[in-house]
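Enquirer: Once you've had a glance at the structure underneath, I'll fire off some questions.
Just so it is clear, none of the values below were taken in a lab; they were calculated from the coordinates. Here the structure is a predicted model, which is why all the values come from computation and not from measurement. With ideal geometry, Cβ positions are generated from the backbone for all residues, glycine too; neighbour counts draw on all protein chains shown.
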């Protein structure tokens, strides 16, 4: 268990709680329990959208001293995730990245990289290899 | 607007909050329709949700000095809107809060508008001409600085987003098809400017 806390955490932020949960299920099945993982989706009323408070809670849940990589789906998820990062304490802020990658493939790739103990920048780069330039 | 400082007492703040929230709530359907054309169709509902939350705290907000009230409004929008417009409008209000004193002069307003524009631009990683709220904020700021009517400038600027092609946000997925529709964020910005300007002019 000590190893888990050393690995980079993964946060999945979708407009839809179903997409977020499904993506997290895929990560767990394909990568296992070796990485801290949390997800959120939906606006503050429970409809489609994203929610800064929920993203902050997910960051707390997946927190690791090695940092946290956030995977997002569409525009508002990215903007709200960046806002959630800025609302973190300064010592945490520089250890959180929002990955420019497709959410499902990016989460699986990032978690795979993280489960091997890779540092945050490698986790981000691996996820972003999936993005069109 | 004259160069004399506006007094932001609790009554003025209450009226400003009522006007801003009223504009967003009464135009929610229109904003949603604009967003359905080129976005994901939630802008009106999101702004309504955010400003209903602001309205629910109106009296506590109005009791605060202007900068504290603006900061609190910004945080409420960040937390409650539930779309990209939450951090964008939240950032706008928080940036204004940092620049304005409790009794700001016209020069302070212009300086604060500059700071707010820069903050929203950074938050959205966007710029002028990309069919966003920035296309309204800048002309409104320039009109204010030049002593012209910021409401007329904002409305004309919102209209001017119609022929623009979106390169940010969900509308950018539409490419050329985003042309021919007013940007919903530009429209909500113009509505907020008009609502608040009316209160300040009348006070």
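Enquirer: Using only atoms on other chains, find how many Cβ atoms lie within 10 Å of each Cβ of peptide A:41-47 and report the average.
Expert: Per residue, the number of nearby Cβ atoms from other chains is 4 on average.
Enquirer: Could you state, as a whole-number percent, how many of the C-alpha pairs of segment B:10-202 are farther apart than 29 Å?
Expert: Result for the distance tail: 14 percent.
Enquirer: How long are the semi-axes of the ellipsoid equivalent to segment A:2-121, from square roots of 5 times the Cα gyration tensor eigenvalues, in whole Å, largest first?
Expert: Calculated on Cα positions only, the semi-axes equal 20, 17, 11 Å.
Enquirer: Here's a follow-up. Full-extension gain between residue B:11 and residue B:111, please, as 0.36 nm times their residue separation minus the C-alpha to C-alpha distance.
Expert: Working: separation 100, 0.36 × 100 = 36.00 nm, distance 2.46 nm.
Separation in residues times 0.36 nm, less the Cα-Cα distance, equals 33.5 nm.
Enquirer: Two-decimal Rg/Rh of segment B:10-62 from alpha-carbon positions, Kirkwood Rh?
Expert: Value, to two decimals: 1.09.
Enquirer: Please report, for the Cα atoms of segment A:63-129, the Rg to one decimal and the Dmax as a whole number; what are they, in angstrom?
Expert: For segment A:63-129, the Cα-based Rg and Dmax read 11.4, 31 Å.
Enquirer: Ok, one more. Regarding the protein assembly as shown, what whole-number volume in Å³ per residue does the convex hull of its Cα atoms give?
Expert: It is 124 Å³ per residue.
Enquirer: How many partner chain Cβ atoms sit within 10 Å of a residue's Cβ in peptide B:82-94, on average, as a whole number?
Expert: Working: counts 15, 12, 11, 2, 10, 11, 3, 0, 3, 3, 0, 0, 0.
Going residue by residue through B:82-94 and averaging, the value is 5.
Enquirer: Relative to the first principal axis of the alpha-carbon coordinates of chain B, what is the inclination of helix B:134-146, with its axis defined by its Cα atoms, in degrees from 0 to 90 and to the nearest 10?
Expert: Rounded to the nearest ten degrees, it is 40.
Enquirer: Here is a follow-up. For segment B:105-203, report the convex hull volume of the alpha-carbon atoms normalised per residue, in Å³, without decimals.
Expert: Values: hull volume 8.1 nm³, N = 99.
Considering the Cα atoms of segment B:105-203, their hull volume per residue is 82 Å³.
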